[in-house]
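Here is the structure we will look at.
The values are calculated or read from the model by the stated rules, or taken from the named source; none is laboratory data. Every value quoted in this text rests on a predicted model; they were computed, and no experiment measured them. Ligands, DNA and RNA are excluded from the accessible area calculation, which covers all protein heavy atoms including side chains. Shrake-Rupley method; radii C 1.70, N 1.55, O 1.52, S 1.80 Å.
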Amino acid sequence: MTHRIAPSLQTIAVKTPGSRAIWPWSWVFSLAVAALGIAPGATLASPSALPLAVSPDPVAPALSGPPLGLPEDYLPDAPKPLATHVVLRLGEKRVYVYGGETVLDSYPVAIGAPATPTPTGEYQIFQMIVDPVWQSPWTGEIHEPGPNSALGLRWIGFLTLDNGIIGFHGTPTVSSIGQAASNGCVRLRNEDVVALFNHVQMGMRVVVTP
């Protein structure tokens, strides 16, 4: 539908300062048309007939930045199975950490020398010390703890004898690892005894086999 602009004979009251005038509708309409820049007699389309602007389908903005990576880069590591017991195999010169029937970790060790062998049997951990202080059994001298101490960074005692305690400990003498060289204790590299220490707990079973 279209609308044609036509003059009208109706009038409208226009109030100006100090006066009140009666103007024909045609004058008011003509003034409005002139103000809008519409030529007299022009044909106007009905608003319903005007074409509608159609927006294109929305497009998501492109994301910028570093790649997100793999899910496992952000998910926490699965918890390790808890250790249940430790087995020291003297013939292999190796200690094994078990979770049930599964080997969780193992580490090479030095064991007791032939004159001072590591006793076989089944024991329990009763002593766990971080940065143990070593006292020489020969001189009585007390040595500062640390990686260069004779006991290394960790001590795990599991057997009491008349002449002392047998246990796992670190050592700075890494050349002895894989040998029968100690006074009965079980030596490990410092990094390995720290890892073993993190697996075990007080009261855990230690099995020493030939």
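Show the residues, 5+ positions off or on another chain, whose built amide H is closer than 5 Å to the amide H of S182.
Placed amide hydrogens put I111, G112, A113 under 5 Å from S182.
With a probe of 1.4 Å, find how much accessible area region 101-176 has per residue, and write the answer as a whole number in Å².
Working: 4210 Å² over 76 residues.
Normalised by residue count, the accessible surface of region 101-176 is 55 Å².
Under the rule a/c < 1.5 gives rounded, and otherwise a/b versus b/c splits prolate from oblate, where does region 148-203 land using the Cα gyration tensor? Let's see the in-between values first.
Details: a/c = 1.88, a/b = 1.07, b/c = 1.75.
It is oblate, given that a/c is not under 1.5 and a/b is not larger than b/c.
At a 1.4 Å probe, what is the % contribution of carbon and sulfur to the accessible area of region 86-133?
Numbers: 1200 of 2330 Å².
Summing carbon and sulfur atoms, their accessible area is 51 percent of the total for region 86-133.
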